[in-house]
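S.K.: The structure is given below, and queries will be raised subsequently.
The values are calculated or read from the model by the stated rules, or taken from the named source; none is laboratory data. Bear in mind the structure is a predicted one, so any value in this text is a computation, not a measurement. Ideal geometry is used to build each Cβ from the backbone, glycine not excepted, and the neighbour counts take in all protein chains shown. Surface areas here come from the heavy atoms of the whole protein model, side chains and all, with no ligands, DNA or RNA. Shrake-Rupley method; radii C 1.70, N 1.55, O 1.52, S 1.80 Å.
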Amino acid sequence: MMVDAIVVGGGLVGTAIAWGLQREGLATVLLDEGDLAFRASRGNFGLVWVQSKGLGAPHYQRWTRASAEAWEGLATELSARTGMDCGLRQPGGVHLCLSDKEFEDRANRMARMKAEAGNYAYEYRMLDAKEVRDMLPGLGERVVGASWTPYDGHANPLNLLHALHRAYKAAGGRYVPEASVTGGSAAPRDFRVSTPAGDFAAPRIVLAAGLGNARLAPLFGLDAPVRPQRGQVLVTERTREVLPIPTTSIRQTDDGTLLLGDSQEEVGFDLHQTQDVMAMIAQRAAWSFPWIARLNIVRAWSALRVMAPDGLPIYDESEEFPGAFTANCHSGVTLAAAHARLFAPMVARGALEPGMELFSARRFASPA
């Protein structure tokens with residue numbers, strides 16, 4: 001089957017890019033490995049988060065902020081096209097500090113983020129304990145302060161994934177499930193892939209298969225040195241208590257449940273859950289808001305983030321085979337708007353913008 005563009009990967013990253021390409025008028029096919037894939041999309045915490053992204057990498061800070069600013073337009077368009085609510089709420093966000101050391105480290109980090117932003121004014125405040133308690137009733141005595149930015153928020157990641165798929169197919173895009181790429185060939189502007197669901201060819205290909213990109217990238221003159229990083233999430237029963245602003249590790253969903261998380265574990269492709277990490281997540285949540293200790297945990301899961309060696313996204317175009325691109329990141333919700341509205345148009349035009357060079361995997365070969 002000959003199309004204008006092939007996107008490999010049916011998760012949040014791939015579907016956002018595929019829909020963006022279809023919006024640009026390209027006949028696109030989206031190849032999805034299926035539910036057996038290590039799909040970070042279904043385990044995503046759901047934050048649209050800026051304040052922790054881009055320390056020492058102001059280009060990443062700008063990319064994240066650009067996506068957060070474009071999120072309202074993304075949610076509005078998806079709602080208009082599909083009737084689905086992605087659950088976007090952007091009231092700002094806070095990072096709670098449970099010790100003076102944590103507060104000092106956070107203040108230093110935020111000051112550095114502001115300095116690195118340069119002319120892209122970076123707005124934030126460090127809040128003392130009283131200010132945070134005025135903002136978040138029911139806060140625990142262990143909380144000594146917090147950082148706040150106006151850019152942050154959260155969304156429903158499963159609704160987002162569903163809405164992106166609906167919008168993509170409604171725009172004429174072809175979705176092919178159970179289509180793991182088993183082989184491929186590359187020439188400039190001429191790419192062919194084999195899958196159990198058939199063979200496909202196009203002058204453009206985007207690899208957005210998460211951890212699968214490490215295997216696929218060399219077939220198309222690309223490099224994707226990504227590794228898995230496990231995160232675990234706990235979900236409480238519904239509660240009448242209201243958490244009006246999301247935090248880095250606690251957010252309340254529209255149906256009243258609380259999501260607790262933020263573990264970062266280097267355990268390879270292990271999806272097991274562990275009692276010690278779950279206990280740590282629960283303990284920090286109860287220290288932050290003692291009323292959480294009264295709630296029952298009703299669900300828990302783990303998922304694997306897609307991490308580059310330096311923790312930043314990798315966006316690349318093949319020098320050997322122009323027309324082949326790769327997109328790798330661990331922030332599929334936060335960056336959904338950037339992928340659909342900024343990255344996809346670059347692919348449609350046939351080349352990444354010069355500023356994207358900073359995200360290339362070539363940075364690992366030339367650290368200076």
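S.K.: Go through ALA115, ALA155, ALA171 for me and flag whichever is in contact (Cβ under 8 Å) with a residue 60 or more places away in the chain, farther than 18 Å from TRP287 by Cβ and surrounded by fewer than 21 Cβ atoms within 10 Å (Cβ to Cβ).
M.R.: After ruling out the rest, the residue left standing is ALA171.
S.K.: Sticking with this one: Of everything in the stretch 33-53 that's more than 21 Å from LEU211 (Cβ to Cβ) and polar (S, T, N, Q), which residue is surrounded by the most Cβ atoms within 10 Å (Cβ to Cβ)?
M.R.: Out of the qualifying residues, it is GLN51.
S.K.: With open to solvent by 10 Å² or more (accessible area, probe 1.4 Å) and at positive phi as the only criterion, which of GLY92, GLY56, GLY73 stands out?
M.R.: Result of the check over GLY92, GLY56, GLY73: GLY56.
S.K.: When you go through (1) farther than 21 Å from GLY11 by Cα; (2) in contact with a strand residue (DSSP E or B) (Cβ under 7 Å, 6 or more places away or on another chain); (3) touching a residue at least 24 places away in the same chain (Cβ under 8 Å) one by one for GLN252, which number turns out not to apply?
M.R.: Evaluating GLN252 over (1) farther than 21 Å from GLY11 by Cα; (2) in contact with a strand residue (DSSP E or B) (Cβ under 7 Å, 6 or more places away or on another chain); (3) touching a residue at least 24 places away in the same chain (Cβ under 8 Å) leaves (3) as the failure.
S.K.: Another question, if that's okay. How many residues does the stretch 331-368 contain that are surrounded by fewer than 17 Cβ atoms within 10 Å (Cβ to Cβ), among the small types (Gly, Ala, Ser) and touching a residue at least 40 places away in the same chain (Cβ under 8 Å)?
M.R.: Going through the stretch 331-368 one residue at a time, the tally reaches 2.
S.K.: From the list LEU78, LEU98, exactly one residue is more than 27 Å from ALA16 (Cα to Cα), hydrophobic (A, V, I, L, M, F, W, C) and surrounded by 15 or more Cβ atoms within 10 Å (Cβ to Cβ). Which is it?
M.R.: LEU98
S.K.: Give the stretch 317-330 a look and list any residue that's surrounded by fewer than 24 Cβ atoms within 10 Å (Cβ to Cβ) and touching a strand residue (DSSP E or B) at 6+ places or on another chain (Cβ under 6 Å), or say none.
M.R.: GLU317, SER318, PHE321, HIS330, listed by residue number.
S.K.: A further question on this structure: Give the stretch 216-230 a look and list any residue that's under 21 Å from the mean Cα position of the chain (by Cα) and over 21 Å from ARG363 (Cβ atoms), or say none.
M.R.: Once the filter is applied, which keeps residues that are under 21 Å from the mean Cα position of the chain (by Cα) and over 21 Å from ARG363 (Cβ atoms), the stretch 216-230 yields only ARG230.
S.K.: Residues of the stretch 351-368 being at pLDDT below 95 and not in a helix (DSSP H, G or I), which ones?
M.R.: Selection gives ALA365, SER366, PRO367, ALA368.
S.K.: Here's a check for you: in the stretch 210-261, which residue that is outside any loop (DSSP other than H, G, I, E, B) and of a type in the set (Lys, Arg) is most open to solvent (accessible area, probe 1.4 Å)?
M.R.: ARG215
S.K.: Here are some conditions: (1) more than 21 Å from the chain's Cα centre (by Cα); (2) surrounded by fewer than 13 Cβ atoms within 10 Å (Cβ to Cβ); (3) touching a residue at least 24 places away in the same chain (Cβ under 8 Å). ALA107 meets all but one. Which one does it not meet?
M.R.: Failing condition for ALA107: (2).
S.K.: Could I ask something else about it? Mind listing just one residue for me: the one in the stretch 140-152 that is in contact with a Leu (Cβ under 8 Å, 6 or more places away or on another chain) and either open to solvent by less than 30 Å² (accessible area, probe 1.4 Å) or β-branched (Val, Ile, Thr) (or both) and, of those, nearest to ASP32 (Cα to Cα)?
M.R.: For the stretch 140-152, the residue satisfying everything is ASP152.
S.K.: Sort through PRO203, PRO246 and tell me the only one that's at pLDDT 95 or above and under 30 Å from ARG174 (Cα atoms).
M.R.: Step by step, each of PRO203, PRO246 is checked, and only PRO203 is at pLDDT 95 or above and under 30 Å from ARG174 (Cα atoms).
S.K.: Oh, and also: For VAL277, which of the numbered conditions (1) open to solvent by less than 60 Å² (accessible area, probe 1.4 Å); (2) assigned to a loop (DSSP other than H, G, I, E, B) fails to hold?
M.R.: Every condition holds for VAL277 apart from (2).
S.K.: For the stretch 1-59, name all the residues that are among the charged types (D, E, K, R) and either within 30 Å of GLY118 (Cβ to Cβ) or in a helix (DSSP H, G or I) (or both).
M.R.: Selection gives ARG23, ARG42, LYS53.
S.K.: Looking for something open to solvent by less than 10 Å² (accessible area, probe 1.4 Å), aromatic (Phe, Trp, Tyr) and in contact with a helix residue (DSSP H, G or I) (Cβ under 6 Å, 6 or more places away or on another chain) - is there at least one such residue anywhere in the stretch 289-298?
M.R.: Looking through the stretch 289-298, none of the residues is open to solvent by less than 10 Å² (accessible area, probe 1.4 Å), aromatic (Phe, Trp, Tyr) and in contact with a helix residue (DSSP H, G or I) (Cβ under 6 Å, 6 or more places away or on another chain).
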